[in-house]
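Only one structure is covered here, and it is reproduced in the block below.
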Amino acid sequence: MSHTTIDVLTAGDVLARLAQLRSRQPVNYYAFYSSQLGGIVTDPALMVLPFDDHMVHRGHGIFDTAGLIDGKLYDLEAHLDRFLLSAERSKLTVSPPRAEMRDIILKTTAASGRRDGSIRYWLSSGPGSLELSPAAGAEPGFFVMVFAGLAYPERWLTQGVKVMTTTYPIKAPIYAITKATNYLPNVLMQMQAKEAGFDNGVFIDEDGNVGESSNMNVAFVTKHDTLVHPKFDHILAGCTSLRLLELAKGLKSSGLIKSVEVRDITAAEARASREMLLMGSSVKVASIVQWDDRAIGDGKPGPVAKALLTLLDEDMRTGDRLIDVPY
Ligand SMILES: Cc1ncc(COP(=O)(O)O)c(C=O)c1O
């Protein structure tokens, strides 16, 4: 037996060590609401939840993320719709009600003082046991985090993104359409791609149809100038994709695309595309210029990706899907 002593900690020790942990690993978290604490904290050391919450040890929780742009939340209602759908599919008790959730999200954002970043929120099954089913009398947890948002290298925009087909199986549809805190396949896919020198991975389903990337959707511009997006029955319905599919109709008059289709697309058809797009709340729109060992189109970021990014940026700044944060 080793002679190293392990301290038995007081509550004061724990607070001090949580602060030390954050000083070793500084994070960009600006405000956190916890229904379990019944309030908001702004010190990242205090952004904690009980270990026996089933979201931690069984992955019985869901989440969603909305963008904060220039003091306004973008497309929050679409993200809340998906959040509540995920809750239903995960048999999680929705508490508090939607209107209160929206209010808490806005007030937590206001407490952060931030005008740009991301807001992520979770619903958990709650603490009370180490079993699988929720503990008797477990109170669901609702948490909101205001943070800097995910960052991607500038070259993703200037030079484009390289993706690889992952060897990890795509999630079964019922799990893929639910935004639960079970991202193991997505994590492994991204790690595998990075280890192989790519930026990210792509799931292909058992029928050979294109799925999605780790935390983003993919779409294609075919040789016939059709914008094709995979169906949403086996992948997450990205709020960004859904919005872009609407906005893309505005590109028809410019001649950049002729039509927009949501349908199955095989990897073989997809590889012959003129453009391949990566779309999501964090990345917005980026061009994929290489897929496995082959270039997409001419191997350079394409015009449809650029035009869609401009439309999305406009929508995020001046569109009708913005909610003012009550600072
Ligand atoms: C697996 C997966 N697919 C797609 C997306 C894109 O969704 P959104 O556009 O709502 O960010 C996300 C991100 O939420 C995701 O996690």
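The values are calculated or read from the model by the stated rules, or taken from the named source; none is laboratory data. Computed from a predicted model, the values in this text were never measured in an experiment. All Cβ positions, glycine included, derive from the backbone under ideal geometry; neighbour counts span all protein chains shown. The protein model used for the area step is the full one, side chains on, heavy atoms only, and it has no ligands, DNA or RNA in it. Shrake-Rupley method; radii C 1.70, N 1.55, O 1.52, S 1.80 Å.
Listed values for the range 62-67 are Karplus-derived 3J(HN,Hα) couplings in whole Hz (6.51 cos²θ - 1.76 cosθ + 1.60, θ = phi - 60°), namely 9, 8, 7, 9, 10, x, and x replaces Gly and Pro. For the listed residue pairs LYS258/LYS284; LYS72/LYS284; LYS171/LYS249; LYS162/LYS252, the alpha carbons are over 19 angstrom apart in LYS258/LYS284; LYS171/LYS249; LYS162/LYS252. Computed 3J(HN,Hα) for the range 257-269, one whole-Hz value per residue from the Karplus formula 6.51 cos²θ - 1.76 cosθ + 1.60 where θ = phi - 60°, is 9, 9, 7, 10, 10, 10, 7, 5, 9, 6, 4, 5, 5, glycine and proline marked x.
Modelled spin labels at LYS258 and ARG24, positioned 7 Å past Cα toward Cβ, are 6.0 nm from each other. Our coupling estimate for the range 142-157, obtained by passing each phi through the Karplus curve with A = 6.51, B = -1.76, C = 1.60 and θ = phi - 60°, is 10, 10, 9, 10, 9, 9, 5, x, 7, 10, 10, x, 4, 5, 4, 7 Hz, Gly and Pro reported as x. If R0 is 35 Å, what FRET efficiency do you get for ASP207 and GLU131 from their C-beta distance, rounded to 0.05? With R0 = 35 Å, the Cβ-Cβ based efficiency is 0.40. Amide H to amide H distances under 5 Å link GLY61 with THR181, where only residues 5 or more positions off or on other chains count and H is placed in the peptide plane. For SER118, the solvent-accessible surface with a 1.4 Å probe is about 20 Å², rounded to the nearest 10.
Ordering of 233-241, 70-78 by packing is 233-241, 70-78, highest average first (other Cβ atoms within 10 Å, averaged per residue). What separates the Cα centres of the range 115-193 and the range 205-250 is a distance of 19 Å.
From helices alone, the chain scores -8500 deg cm²/dmol at 222 nm; the rule is -39500 (n - 2.57) for each run of n ≥ 4 DSSP H residues, then divide by the residue total. The angle between the Cα long axis of helix 184-195 and the longest principal axis of the Cα atoms of the chain comes to about 60 degrees, rounded to the nearest 10. Taking GLY201, GLY113, GLY38 in turn, the Gaussian network model of the chain (Cα-Cα springs below 10 Å) assigns the largest fluctuation to GLY38.
Residue ranges 50-56, 98-104 sort as 50-56, 98-104 when ordered by packing (mean number of other C-beta atoms within 10 Å per residue, highest first). Within the accessible area of the chain, the carbon and sulfur atoms contribute 55%, probe 1.4 Å, all protein chains present.
Taken along the Cα-to-beta-carbon direction at a fixed 7 Å, the label points for LYS231 and ILE6 span 5.1 nm.
In the context of the full set of protein chains, residues of the range 161-223 present 44 Å² of accessible surface per residue (probe radius 1.4 Å, heavy atoms only).
If you average the alpha carbon positions of the range 20-98 and of the range 252-327, how far apart do those two centres end up, in angstrom? What the calculation gives is 28 Å, centre to centre. Take each peptide in 261-270, 277-286, 3-12, 124-133, count the other Cβ atoms within 10 Å of every residue, and average; sorted highest first, the result is 277-286, 124-133, 261-270, 3-12. Note on TYR327/TYR152: beta-carbon distance plugged into 1/(1 + (r/R0)^6) with R0 of 35 Å gives a FRET efficiency of 0.80. LEU80 contributes about 0 Å² of solvent-accessible surface, heavy atoms of the protein only, 1.4 Å probe.
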